[in-house]
Amino acid sequence: MSSVLHDEIALDLGDRSYSVYVGGGLAANASSMVPSDVGKIAVVTQKNVGILPPLTVPHQIFYIEDGEQAKSLATIAELCSGFATMGMNRRDLVLAIGGGVVSDTAGFAAASFHRGMRYGIIATTLLAQVDAAIGGKTGVNIPEGKNLVGAFWQPSFVLCDLTALESLPPRELLCGQGEMAKYAFLGAEGLDKMPLAAQVSACVRIKAKYVQADEREGDLRALLNYGHTLAHALEAVGFGDPRVDLKHGEAVAIGLIFAALLARRLGRIDQDRVDYHYRVVESYGLPTRLPLAIDPERLIDSMYKDKKSFGTLTFVLDSGSGVEVVRDIDVVLVKEVLLELNR
């Protein structure tokens, strides 16, 4: 099918600048995005993605497993061994095709092999298109937590192919909408009234603004993690537990409600603002309560390991002037709000 470009969003990062393209059927034109001096391409994807664009450069396909278990140091070792066997060098390209698991893993492998080689992304899930594929954060999980090992490594290009969303399972779309809900509190109110292409573009533009201002995630870019401190703890504590069936966007939705309740307890927002959080999250059909199997004590232990914590309980919280990073939150208060989530 022919491709239709809806939008191009440039990220101005000096010599690391690139563009994010939003449109339908863009994967078919991936070859046109490959730099002319690339000699080989390592395609990293998953078997269920089913998108392999025609490439004019010699290439090899590497399939990784589905789910968060694929984001491991063992997968990075396997990919890098494959790159070495191919004889790849810094002028070559890693092409990630898939969702956030693929872009996070392939990007970290690209950042690691030869201490850094080029990579591009064809984002095929809503979650990847509005968040995971944008901004250069790559990484994998270890037993102690999610995304604790990684690197900042910007891609050469990102293609957000809206056509790929047409075959996405409903729950995967819902997962992406969990991330989209976050943007309602970062300046993208009214997303639900926009066409899909405009929704994706609006989210990308907001993320691009934060990345350009704070590429290495100081307090400003950390605002993009609104709802994520609890979300990452939920994913870490619930990983492998069949009683805890949460995807990333669903965990973020619960994290947004938790952050609103905590901000209200701290006097930062009023009940009307809390109610607005519930309306936004529930408008997407996303969960607002903790899974009953989750132990609050284990969640708190995991939240202490969050990348922005610096040894204290740290959250991104709403206020009358917008979301802000707030440190040194009392653990007793956090525990009380966790219990309040399920009342």
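The values are calculated or read from the model by the stated rules, or taken from the named source; none is laboratory data. Worth saying up front: this structure is predicted, and the values here are computed from it rather than measured. Here the Cβ is made from the backbone with ideal geometry for all residues, glycine too, and neighbour counts use every protein chain on show.
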Taking segment 313-334, which residues are in contact with a helix residue (DSSP H, G or I) (Cβ under 6 Å, 6 or more places away or on another chain), not in a loop (DSSP other than H, G, I, E, B) and not aliphatic (A, V, I, L, M)? 315
Close pairs from segment 227-252: first on the phi > 0 side of the Ramachandran plot, partner not in a helix (DSSP H, G or I), Cβ under 8 Å, at least 6 apart: 227/316
Count of residues meeting criterion [of a type outside the set (A, V, I, L, M), in a helix (DSSP H, G or I), out of contact with any His (no Cβ under 9 Å at 6 or more places or on another chain) and surrounded by 14 or more Cβ atoms within 10 Å (Cβ to Cβ)] in segment 255-277: 6
The residue that is nearest to residue 32 (Cα to Cα), considering only those in segment 163-183 that are surrounded by 20 or more Cβ atoms within 10 Å (Cβ to Cβ) and among the hydrophobic types (A, V, I, L, M, F, W, C), is 164
Hey, among the residues in segment 190-201 that are out of contact with any Gly (no Cβ under 8 Å at 6 or more places or on another chain) and surrounded by fewer than 20 Cβ atoms within 10 Å (Cβ to Cβ), which one's farthest from residue 138 (Cα to Cα)? 193
Out of the residues in segment 63-89 that are over 20 Å from residue 142 (Cβ atoms) and touching a residue at least 24 places away in the same chain (Cβ under 8 Å), state the one that is surrounded by the fewest Cβ atoms within 10 Å (Cβ to Cβ). 87
State yes or no: is residue 165 of a type in the set (A, V, I, L, M), within 21 Å of residue 8 (Cβ to Cβ) and part of a helix (DSSP H, G or I)? yes
Can you name the condition, by its number, that residue 128 falls short on among (1) surrounded by fewer than 24 Cβ atoms within 10 Å (Cβ to Cβ); (2) within 18 Å of residue 171 (Cβ to Cβ)? (1)
Total residues in segment 177-196, condition under 18 Å from the mean Cα position of the chain (by Cα), farther than 21 Å from residue 324 by Cβ and among the small types (Gly, Ala, Ser): 1
Conditions (1) at pLDDT 90 or above; (2) out of contact with any helix residue (DSSP H, G or I) (no Cβ under 8 Å at 6 or more places or on another chain); (3) closer than 20 Å to residue 217 by Cα; number of the one not met by residue 282: (3)
If residue 212 passes every condition in (1) closer than 30 Å to residue 292 by Cα; (2) in contact with a strand residue (DSSP E or B) (Cβ under 8 Å, 6 or more places away or on another chain) but one, which one does it miss? (1)
Residues that are surrounded by fewer than 17 Cβ atoms within 10 Å (Cβ to Cβ) and farther than 20 Å from residue 263 by Cβ, drawn from segment 299-309: 301, 305
Checking 97, 76, 51 in turn, the sole residue that is under 17 Å from residue 134 (Cα atoms) and within 24 Å of the chain's Cα centre (by Cα) turns out to be 97
Check 291, 287 and return the single one that is within 23 Å of the chain's Cα centre (by Cα), more than 25 Å from residue 140 (Cβ to Cβ) and either in a loop (DSSP other than H, G, I, E, B) or assigned by TED's automatic domain parsing to the domain that holds residue 150 (or both). 287
